[in-house]
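The next block holds one structure in the form of structure tokens; read it before the comments.
The values are calculated or read from the model by the stated rules, or taken from the named source; none is laboratory data. Just so you know, these numbers come straight off a predicted model, no measurement behind them. Cβ placement follows ideal geometry from the backbone for every residue including glycine, while neighbour counts extend to all protein chains displayed.
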Amino acid sequence: MPQNLQQIWKHDEIKGKKVKNRLKKDICEDLEKIGIVTRGKTLKQVQEIAEARNIPVTSEDNDVLEGWLGKPKGIKQILWEQRLLDPNIQNVSKLKKNDPNDARKVEYSTVLTNCVDFLSEKTCLMYLGERLGVEVDRSTKCHPELAGEGIEYTWGLAKGLYRKARLSDKKGKENFQELVKRCLSTEVGAGKGSLTHLMIRKFSRRARCYILTYFWIEHGMEEKIKEEELSESHIERIKKEFKTHRNAIDFDEKFINHCFTKIKNESEGTEARHDKV
């Protein structure tokens, strides 16, 4: 930011007044106070009912031009303070697909990876742990498949059960809580979590396989890159996939579905044996 604009844009400035529509939730609360039920009504219907009873559907607020004082810094400001921005390179927030000038542009997030204090910054939990005399460790960022004891697979199996449940089991607070308990249950059966010790060990073994794979890539890639034909395109594809937030259902859906099908088959077999008895 230029020096002459720092003081001008420092504090919030009220430009005037602006009128905006009230939220449907706020209007419904006013209508319910006078005994009118609004459940199942659209926003337009609620506004018409409110106007007929002289309840305001708009509100007047100050039109504020926010200043920079007391606001969180943006990535561009951080990079500028760290002197990591090269004036000869065009930096952008995000590269666009099929951009002919793609090679001449660099994303701000890419430049931020060169910021040493950002890479070594401790999390709030790690900081509090040090103050309490406790060592707090964490798994690698953006790599849920490496989380200890395969916890992401546990969440993935529970999510799969929840998504397959009937809609009626999800409606209502009591039904929802009961469904969540079933999805996270250690009991084996149809519609139950089946998160037994055997299943948890299976998930842990799966996560261990990923850990060993990444260990091999980190320590053995240079010697075996020609042998395994690990091309640059494959590396870029993996990098793009890992930059997004993912869970176990995203990166290992087949394995979770296999576990879900196995649980279902075992449950049906148990019920069949009970029927014969």
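Can you tell me which residue within region 11-27, out of those that are over 31 Å from the mean Cα position of the chain (by Cα) and surrounded by fewer than 14 Cβ atoms within 10 Å (Cβ to Cβ), is farthest from Thr38 (Cα to Cα)? Give the steps one after another, and end with the answer.
Start the filter on region 11-27 by keeping residues that are over 31 Å from the mean Cα position of the chain (by Cα), which leaves 11-19, 27.
Those still in the list that are surrounded by fewer than 14 Cβ atoms within 10 Å (Cβ to Cβ) too: 11, 13-19.
Details: His11: 42, Glu13: 38, Ile14: 36, Lys15: 36, Gly16: 34, Lys17: 30, Lys18: 28, Val19: 24 Å.
Taking the candidates together, the pick is His11.
Scan region 37-75 residue by residue and report those that are closer than 15 Å to Asn21 by Cβ and small (Gly, Ala, Ser).
Of everything in region 37-75, those that are closer than 15 Å to Asn21 by Cβ and small (Gly, Ala, Ser) turn out to be Ala50, Ser59.
Quick test for you: out of Thr38, Thr42, pick the one residue that is modelled with pLDDT under 90, over 30 Å from Leu69 (Cα atoms) and surrounded by 10 or more Cβ atoms within 10 Å (Cβ to Cβ). Give the derivation first.
Details: Thr42 fails: modelled with pLDDT under 90.
Sole residue among the options that is modelled with pLDDT under 90, over 30 Å from Leu69 (Cα atoms) and surrounded by 10 or more Cβ atoms within 10 Å (Cβ to Cβ): Thr38.
So which residues in region 166-207 are farther than 23 Å from Ala147 by Cβ and either surrounded by 16 or more Cβ atoms within 10 Å (Cβ to Cβ) or of a type in the set (Lys, Arg) (or both)?
Of region 166-207, the ones farther than 23 Å from Ala147 by Cβ are 166-179, 182, 187-192.
If the condition is that a residue be farther than 23 Å from Ala147 by Cβ and either surrounded by 16 or more Cβ atoms within 10 Å (Cβ to Cβ) or of a type in the set (Lys, Arg) (or both), then Arg166, Lys170, Lys171, Lys173, Leu179, Arg182, Val188, Gly189, Gly191, Lys192 are the ones that fit.
Collect the residues in region 58-69 that are touching an Asp or Glu at 6+ places or on another chain (Cβ under 9 Å) and either part of a helix (DSSP H, G or I) or not polar (S, T, N, Q) (or both), keeping them in residue-number order.
Of everything in region 58-69, those that are touching an Asp or Glu at 6+ places or on another chain (Cβ under 9 Å) and either part of a helix (DSSP H, G or I) or not polar (S, T, N, Q) (or both) turn out to be Val64, Leu65, Glu66, Gly67, Leu69.
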